[in-house]
Amino acid sequence: DGPTHHGVFDISFLRAVPNMTILAPRTGGELSAMLSWGLEQSSPVAIRYPRGDAGAINSEPSLDPRAAIPAEVVKTGSDVMIFAVGSMVEVALEAAHMLEPEFSCGVVNVRSIKPLDEKLRSLAQGKQCVFTLEDHVLSGGFGSSVLELLSDDPSVRVECLGYPDTFVPQGGIRRLHEEYGLTEDHIVLRVRKALSGRPLRVVARKDL
């Protein structure tokens, strides 16, 4: 365990493999469905998930394996959209609720990192800004793939949130998110700065 063993480089090197599918489940139920779907494929499938407890998978509604692959809009929004992967979807959703009613912020559970769901194009249109959120280094990661997808539309502004191009030190997930600006409070700060230019003081939450 330690800086060289964090799973924060996998998207970058797996994206370069032809015919590779990269999936990121939000819940244990999605993980189960993605495993079932992946076993039916003739090409390689990588499923990335964080350490920790996925909860009781059997308590979740059964998912059609094919339905667990397309991107899912978990919250609609008219001002800004956050494209998030895996466990970061819950962080994005909490930040979106914290931003209301000042800004209308949508959240998308991007289940397939490669290939990206083409409907992300339409979800990005008309928004003041699109944010990507990943528990991965920004260099060559999920945000990079979104930038590539939307590169032909100059009207879409994209900001990427993730780890910098460095070896991340050992530590608890919450502490590392605090250190690298991946908590709900930091996301709120970035969104408000992007949309209004007004600074927001990040206050330590009592439940952390």
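The values are calculated or read from the model by the stated rules, or taken from the named source; none is laboratory data. Given the structure is predicted, the values throughout are model-derived calculations rather than measurements. All Cβ positions, glycine included, derive from the backbone under ideal geometry; neighbour counts span all protein chains shown. Surface areas here come from the heavy atoms of the whole protein model, side chains and all, with no ligands, DNA or RNA. Shrake-Rupley method; radii C 1.70, N 1.55, O 1.52, S 1.80 Å.
If packing is taken as the average number of other Cβ atoms within 10 Å across a peptide's residues, how do 22-35, 130-143 rank, most packed first?
Top to bottom by mean Cβ count within 10 Å: 130-143, 22-35.
Show that you can apply the helix-only estimate: for the chain, add -39,500 (n - 2.57) for every DSSP H stretch of four or more residues, divide by all residues, and state [θ] at 222 nm to the nearest 500.
Counting only the DSSP helices, I get -8500 deg cm²/dmol.
Taking the dipole about the Cα centre of the chain, with the C-beta of Lys and Arg at +1 and of Asp and Glu at -1, give me whichever of Leu147, Leu31, Ala68 is farthest to the positive side.
Of Leu147, Leu31, Ala68, it is Leu147.
Restrict the search to the range 64-102; then list the GluC sites (Glu not before Pro) that DSSP places in a loop and that have at most 14 other Cβ atoms within 10 Å of their Cβ.
Glu102
Keeping all protein chains in place, calculate the accessible area per residue for the chain (probe 1.4 angstrom), answer in Å².
50
Assuming R0 = 30 Å, what is the FRET efficiency of Gln125 and Thr4, from their Cβ-Cβ distance, to the nearest 0.05?
0.15
Counting only residues 5 or more places away or on other chains, whose amide H sits under 5 Å from the amide H of Ile22 once H atoms are built in the peptide plane?
Answer set, sorted by chain and number: Ala46, Ile113, Lys114.
Take Leu147 and Arg66, extend 7 Å from each Cα along the Cα→Cβ direction, and tell me the distance between the two endpoints in nm.
Calculated label separation equals 3.6 nm.
Hey, got the dipole for the chain? About the Cα centre, +1 on K and R Cβ, -1 on D and E Cβ, debye to the nearest 20?
On the way: 21 positive and 27 negative charges, 74 e Å.
It works out to roughly 360 debye.
If you plug each phi of the range 116-121 into the Karplus form 6.51 cos²θ - 1.76 cosθ + 1.60 with θ = phi - 60°, what whole-Hz ³J(HN,Hα) values come out, in order, with x for Gly and Pro?
Result, ordered by residue: 6, 5, 5, 5, 4, 4 Hz.
Please work out the Kirkwood hydrodynamic radius for the chain, using every pair of different C-alpha atoms, and report it in angstroms with one decimal place. Walk me through the numbers before you get to the answer.
Numbers: mean 1/r = 0.0568 Å⁻¹.
One decimal place: 17.6 Å for the Kirkwood radius.
Within the chain, how many Lys pairs sit with Cα atoms under 24 Å apart, leaving out pairs fewer than 8 places apart on the same chain?
Working: Lys75/Lys114; Lys75/Lys119; Lys75/Lys127; Lys75/Lys193; Lys114/Lys127; Lys119/Lys127; Lys127/Lys193; Lys193/Lys206.
Within the chain, the lysine pair count is 8.
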